[in-house]
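**Q** To start, I am sharing the structure in question, which I have written as structure tokens.
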Amino acid sequence: MCIRDRFQLSRRGFKYLGEAGVGLGLGALAGLILSISHGTEWFGNMVQFDESVFFIVLLPPIIFEAGYNMQRRYFFRNLGTICTYAFAGTFISTFVIGGLVWAVGNMGLAVRMSMLECLIFGALISATDPVTVLAVFSKLKADPDLFSFVFGESVLNDAVAIVLYKSLGSFRTEPFTATACVWAVGEFFEIFVVSFLIGVGTAMALAYLCKKVDCSGNEELEHAELAAVLTTPYIAYLAAEALEMSGIVTILFCGIAMSLVVRPNISPHARDLTKNVVKTLAHIFETYVFVYLGLSLFTLDQVWDTLIMSVYAIVICLFARMCNVYPLTWLLNKFIKNKIGPRKQFTLWFSGLRGAIAFVLALQASEDFASENGQTILTTTIMVIFFTVFVFGGNIWPVLEKLELRQPADDGEVKIDPFLPSIYLLEELGERQDGDLEDEDFDLKCDEAIEALRKFVGEVTEDIRLMEDVKAGTADEQEISQLLSRFQKYAHLDEHELREEHWRHETGAWIECLCNGLIWFRDKLSAATLERDRLRQSMRAGSGAIQMAVLRTDRHSTMDDEDVEDNRLTDDADEENRLKEDAEP
């Protein structure tokens, strides 16, 4: 029902309700009906949402799909900016929200919570989930760099928020000391780095196996290949969780690495099927989470007497998002080439929706702090999610149009591949058998195919002339951009699916640069080692000669006059004996 209703709204051009909003609305409506009909207890016994089920079953496909099907070109081109927003921004948001919630509570304006509870709330509510925003961005063909900012931040931000929640949760049993804080920071980076290595290492191992075994054309092997691609990242996720690392970080970077090194080495059938399967699973599971989130508004025990806390939390979250986006963007604009303008900054701030990750972490917090303010954290989180999804998610479409951040629209002309008419005609001739009736439109089809080819030849001739202008340096930027766009269409490249060869070429250039740097460092180190060994040998030789000279000097200096005279007489006697021996026949 949720998927059908969203499809109908999309067909009718309704701009103010996204996918997440439809799920939340239907879930809340169903929960209200259950609450009025006193069916809440029956429903709770039938459907029990356990956060461990979410982390083990529902979350891995969602995160893996985000990494496996991402637009890698723009993601890695803006990787520094994305990491700045995801890491520094999450830390800023966590401590700004935690500090202000603690201050509001101590001023008597809302529920008073401990500093640890406030920081835990800040960490979980900092996890953004702009599902609706990204769906609108895709439909309106938003600026690709802006899309990569929002998408990349949300993906890495979820992983950072979960790891930060775990690190802060350790203070429930340990005192707040400087040593403990330093230890928590070290543990955070340890978890992140080790989880990253597990995910990338698993992807590299699977790529090696797929490279060795060619499954193209073998149906049974293709099924085994598909099973390996779908189960390997989940095994890596479970391995990371068993080692008390972050399975989210592992499966995210496993998906990114698999899209780079595994996807080119599997059969075309498995390549297309894996892409569609993981996307379908992620969509189903994410829709289920939002529907259950809407149900929880009336089916779970809420602390409605602390509703004022939700109002303060919403305002604080918006302010923390502002403290996150604008200062970091100001800093980034000093170093990046493509500046992030005010319109993109406002859209980044506007895209900070909360969703599934924040809700599940709030469920976990309601158990971890059950005897304190766990239920208050859960109720506040649900209210913040509802507000951001309906208010910000519902208005992102008008905002994007108002700020003119869409890509230029096509001219409306339907583009047909110039080779298709000829292909269809030749295939029809190949399938024709003796005795078949002659095609009355055969000559017309041939003329259309020939005309399409002639038009294509004319376009290519013009493109060749423009390439000569590019070589001579007389082509302007607009002509070069249009020429690049046409060549991408010739090569069947759209804005979503770039060729694996192009991506591998870029990555190969990075790896080659890194290897050259390592080789240069190795050569410098070897030269320094040889020079040091040569100097050590020369010093040893010089020190040996000096020691012999010193010994001789010491020996002569310790002799008295009589010893010197005795030695001289002995030497004279030895000389006379040698002369006598030589004179004898």
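**Q** Residues being of a type in the set (Phe, Trp, Tyr), within 24 Å of Ser138 (Cβ to Cβ) and either in contact with a His (Cβ under 6 Å, 6 or more places away or on another chain) or open to solvent by less than 10 Å² (accessible area, probe 1.4 Å) (or both): count how many of those fall in the range 330-386.
**A** So the answer is 1.
**Q** Could you grab me the full set of residues in the range 120-146 that are open to solvent by less than 10 Å² (accessible area, probe 1.4 Å), part of a helix (DSSP H, G or I) and modelled with pLDDT of 75 or more?
**A** Passing the criteria: Ile120, Phe121, Gly122, Ala123, Leu124, Ile125, Leu146.
**Q** Scan the range 45-61 for residues that are modelled with pLDDT of 85 or more and open to solvent by 20 Å² or more (accessible area, probe 1.4 Å) and jot them down.
**A** Answer for the range 45-61, where residues must be modelled with pLDDT of 85 or more and open to solvent by 20 Å² or more (accessible area, probe 1.4 Å): just Pro61.
**Q** Please state which one of Ala362, Ala356 is closer than 30 Å to Pro60 by Cα, out of contact with any Leu (no Cβ under 6 Å at 6 or more places or on another chain) and modelled with pLDDT under 90.
**A** Exactly one of Ala362, Ala356 is closer than 30 Å to Pro60 by Cα, out of contact with any Leu (no Cβ under 6 Å at 6 or more places or on another chain) and modelled with pLDDT under 90, namely Ala356.
**Q** Please specify each residue of the range 160-204 satisfying the condition of being under 25 Å from Ala257 (Cα atoms), of a type in the set (Gly, Ala, Ser) and free of Cβ contacts under 8 Å to residues at least 60 places away in the same chain.
**A** Answer for the range 160-204, where residues must be under 25 Å from Ala257 (Cα atoms), of a type in the set (Gly, Ala, Ser) and free of Cβ contacts under 8 Å to residues at least 60 places away in the same chain: Ser195, Gly199, Gly201, Ala203.
**Q** Keeping to the range 154-191, report how many residues are in contact with a Ser or Thr (Cβ under 7 Å, 6 or more places away or on another chain) and open to solvent by 20 Å² or more (accessible area, probe 1.4 Å).
**A** Looking only at that region, the number is 1.
**Q** Further question: In the range 50-98, how many residues are polar (S, T, N, Q) and not in a helix (DSSP H, G or I)?
**A** Residues flagged as polar (S, T, N, Q) and not in a helix (DSSP H, G or I) within the range 50-98 amount to 3.
The values are calculated or read from the model by the stated rules, or taken from the named source; none is laboratory data. Bear in mind the structure is a predicted one, so any value in this text is a computation, not a measurement. Methodologically, a virtual Cβ is constructed for each residue, glycine included, from the backbone with ideal geometry; neighbour enumeration extends over all protein chains shown. Calculation scope for accessible area: heavy atoms of the full protein, side chains included, ligands and nucleic acids excluded. Shrake-Rupley method; radii C 1.70, N 1.55, O 1.52, S 1.80 Å.
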